[in-house]
1. Could you please let me know if Arg103 is more than 13 Å from the ligand (Cβ to nearest atom), modelled with pLDDT of 95 or more, assigned by TED's automatic domain parsing to the domain that holds Phe138 and within 19 Å of the chain's Cα centre (by Cα)?
2. Being in the same structural domain as Val155 (by TED's automatic domain parsing), buried (at least 16 other Cβ atoms within 10 Å of the Cβ), touching a Gly at 6+ places or on another chain (Cβ under 6 Å) and assigned to a helix (DSSP H, G or I): is that true of Leu71 here?
3. Looking at (1) out of contact with any strand residue (DSSP E or B) (no Cβ under 8 Å at 6 or more places or on another chain); (2) within 14 Å of the ligand (Cβ to nearest atom); (3) under 24 Å from Lys7 (Cβ atoms), which is the one condition that is false for Gly88?
4. For the range 48-61, state whether one or more residues are of a type in the set (Gly, Ala, Ser), touching a residue at least 12 places away in the same chain (Cβ under 8 Å), in a loop (DSSP other than H, G, I, E, B) and out of contact with any strand residue (DSSP E or B) (no Cβ under 9 Å at 6 or more places or on another chain).
5. Since Ala82 meets every condition but one in (1) closer than 26 Å to Tyr161 by Cβ; (2) within 12 Å of the ligand (Cβ to nearest atom), which condition does it not meet?
6. Between Ala21, Ala75, Ala29, Ala40, which is among the aliphatic types (A, V, I, L, M) and more than 15 Å from the ligand (Cβ to nearest atom)?
7. Taking the conditions exactly as written (in the same structural domain as Met18 (by TED's automatic domain parsing), within 16 Å of the ligand (Cβ to nearest atom) and closer than 26 Å to Ser178 by Cβ), does Gly129 satisfy them or not?
8. Here are the criteria: (1) under 21 Å from Gly182 (Cα atoms); (2) at pLDDT 95 or above; (3) exposed (fewer than 12 other Cβ atoms within 10 Å of the Cβ). Tell me which single one Arg292 does not satisfy.
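The values are calculated or read from the model by the stated rules, or taken from the named source; none is laboratory data. Predicted, not measured: the structure shown is a model, and the values here were computed from it. We place every Cβ from the backbone using ideal geometry, glycine too, and count neighbours over all the protein chains shown.
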Amino acid sequence: NDTTSGKSRLTLLGLGAMGTALARTWLAAGHPLTVWNRTAGRAEPLAAEGATVAGTVAEAVAASDLVVVCLLDDASVGEALADADLRGKDLVNLTTGTPAQARARAGWAEERGARFLDGGIMAVPPMIGVPETGGYVFYSGSRALFDAHHSALAVPAGTAYVGADPGFAALHDVALLSAMTGMFAGLSHAFALIRKEDVAPGDLAPLLVNWLTAMAPSAYELADQLQSGDYAKGVVSNLAMMVEGNSTMLRTAEDQGVGAELLAPFMALMERRLADGRGDEGTAGVVDLLTR
Ligand code: FVH
């Protein structure tokens, strides 16, 4: 802890859009903050706001026990910290990566004498420091590190510790991002369907939001089926009915001059499961087909 402010001192490496947003929240909360960025000019506004700017990574790492890294990707983390002395440090990596990269980075940090915590940020920069937006960070790895620094880690966004396995934060992060990607694909297809019609995208948007919000709790139904092994449990709309509906969606796409490439892969998996005689189930069987 800093003796004057009572707030813990920390170092942040990386002042891109996300790093800068994080830095501002720690400064605003009174945490003594040392920052470093590869392109030094990006640190200047933060110096004016009270950050100490380190000229080198070594200097930045030496300044604090808690070192937070928010760089472009895992390779840039390895590059930036290649020669840093991490002995006795608590390293928190908020750089997006795969679970395998996080596990390897944890081993790498521990070999260098540091405790390691990985983080997956479920927020975009404008959500940082604005609790009402609901942004938060998944953390996994050293529980002792998470507990020791929780008050500082909780400043930019909410925190959710998801386990000692350092890969779990990235796993949860990527699972949520993958679901979001499916939603973006569905939205793209829906807007393409109305593109040449007298329907304003702005009029369709609230209908899409309401419909997707109403359908989102199906995640609970899927989870219950996957956990129980009973893929027909509680099914209201079964696969046989849904595959029939798919042909209407595909015919409409064709009539509207819209490509089916976003819908087709998922529909093909539903048809395979139906062909296996699973017409009374929902879509849980697709998860089995995807699992290699
Ligand atoms: N921005 C977002 O919406 C998302 C939200 C969810 C989480 N992501 C992840 O956060 C990491 C950082 O993202 P960012 O938005 O800050 O990214 P940039 O603005 O592009 O800044 C990149 C920083 O990384 C530095 N950098 C790149 N390569 C190296 C390297 N080899 N050695 C040292 N530093 C490097 C770069 O430095 P510079 O270009 O200014 O010199 C920036 O500081 C990221 O994992 C997102 O996926 C953000």
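1. Yes.
2. No, not satisfied.
3. (2)
4. Among the residues of the range 48-61, not one is of a type in the set (Gly, Ala, Ser), touching a residue at least 12 places away in the same chain (Cβ under 8 Å), in a loop (DSSP other than H, G, I, E, B) and out of contact with any strand residue (DSSP E or B) (no Cβ under 9 Å at 6 or more places or on another chain), which makes the answer no.
5. (1)
6. On the way: Ala21 fails: more than 15 Å from the ligand (Cβ to nearest atom); Ala75 fails: more than 15 Å from the ligand (Cβ to nearest atom); Ala40 fails: more than 15 Å from the ligand (Cβ to nearest atom).
Matching residue, one of Ala21, Ala75, Ala29, Ala40: Ala29.
7. Against the criterion (in the same structural domain as Met18 (by TED's automatic domain parsing), within 16 Å of the ligand (Cβ to nearest atom) and closer than 26 Å to Ser178 by Cβ), Gly129 does not qualify.
8. (2)
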